[in-house]
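This report concerns only the one structure given below.
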């Protein structure tokens, strides 16, 4: 019986992973909650699939967030600050359609997935957009971190 417990502990130790999630060193992950009322004209574009709205309210993300209606009553929310350098004067991204662009280096990101679209092939590590939680409840989208 003792050998069984030693074997069990050994197997548990082997099953532990040493892989850690790599956090973005440029963006501080702050806690917040914000409710978007889709009945308000400012947020009503989110009633259509593929539409994006920028929310720049104080305390929502680091530099605001982009909210996209990704279909089937699902919404995705991404930080508006460029994920590949520390926040500065040019790091708040702009969007055109479903693409966000950082004016510092002209990096482009998909607002459907948050992935960098024009990742340089220079061997450096590049980060995708920081995503926040989104939950639809009636005519309200609750975004939080």
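The values are calculated or read from the model by the stated rules, or taken from the named source; none is laboratory data. The shown structure was predicted, so the numbers you read here are calculated from the model rather than taken from an experiment. Counting neighbours? That spans all protein chains shown, and the Cβs are built from the backbone with ideal geometry, glycine included.
Filter region 70-86 for residues that are assigned to a loop (DSSP other than H, G, I, E, B) and surrounded by 15 or more Cβ atoms within 10 Å (Cβ to Cβ); which is modelled with the lowest pLDDT?
First, the residues of region 70-86 that are assigned to a loop (DSSP other than H, G, I, E, B): 72-73, 80, 82-86.
Subsequent filtering for residues that are surrounded by 15 or more Cβ atoms within 10 Å (Cβ to Cβ) retains 80, 82-85.
Values: 80: 96, 82: 96, 83: 96, 84: 95, 85: 90.
My answer is 85.
So for region 67-86 (the condition being more than 17 Å from residue 48 (Cα to Cα) and out of contact with any strand residue (DSSP E or B) (no Cβ under 9 Å at 6 or more places or on another chain)), does at least one residue qualify? Yes: region 67-86 contains one or more residues that are more than 17 Å from residue 48 (Cα to Cα) and out of contact with any strand residue (DSSP E or B) (no Cβ under 9 Å at 6 or more places or on another chain). Put simply, of 35, 94 the only residue that is free of Cβ contacts under 8 Å to residues at least 12 places away in the same chain and either surrounded by fewer than 16 Cβ atoms within 10 Å (Cβ to Cβ) or at negative phi (or both) is 94.
Of the residues screened, residue 67 is not one that is at pLDDT 95 or above, assigned to a loop (DSSP other than H, G, I, E, B) and within 16 Å of residue 133 (Cβ to Cβ).
Of everything in region 57-68 that's touching a residue at least 24 places away in the same chain (Cβ under 8 Å) and farther than 19 Å from residue 26 by Cβ, which residue is farthest from the chain's Cα centre (by Cα)?
The selected residue is 59.
With the structure loaded, tell me whether residue 135 is over 12 Å from the mean Cα position of the chain (by Cα) and under 16 Å from residue 24 (Cβ atoms) or whether it fails that test.
Here the answer is no, as residue 135 does not meet what is asked.
If I ask for residues that are outside any strand (DSSP E or B) and closer than 18 Å to residue 64 by Cβ, which ones from region 98-126 would you list? Of everything in region 98-126, those that are outside any strand (DSSP E or B) and closer than 18 Å to residue 64 by Cβ turn out to be 98, 103, 104, 111, 114.
May I ask you to say which residue of 95, 54 is closer than 15 Å to residue 141 by Cβ, in a strand (DSSP E or B) and touching a strand residue (DSSP E or B) at 6+ places or on another chain (Cβ under 7 Å)? Lay out the reasoning, then the answer.
Values: 95 fails: closer than 15 Å to residue 141 by Cβ.
Unique residue meeting the criteria: 54.
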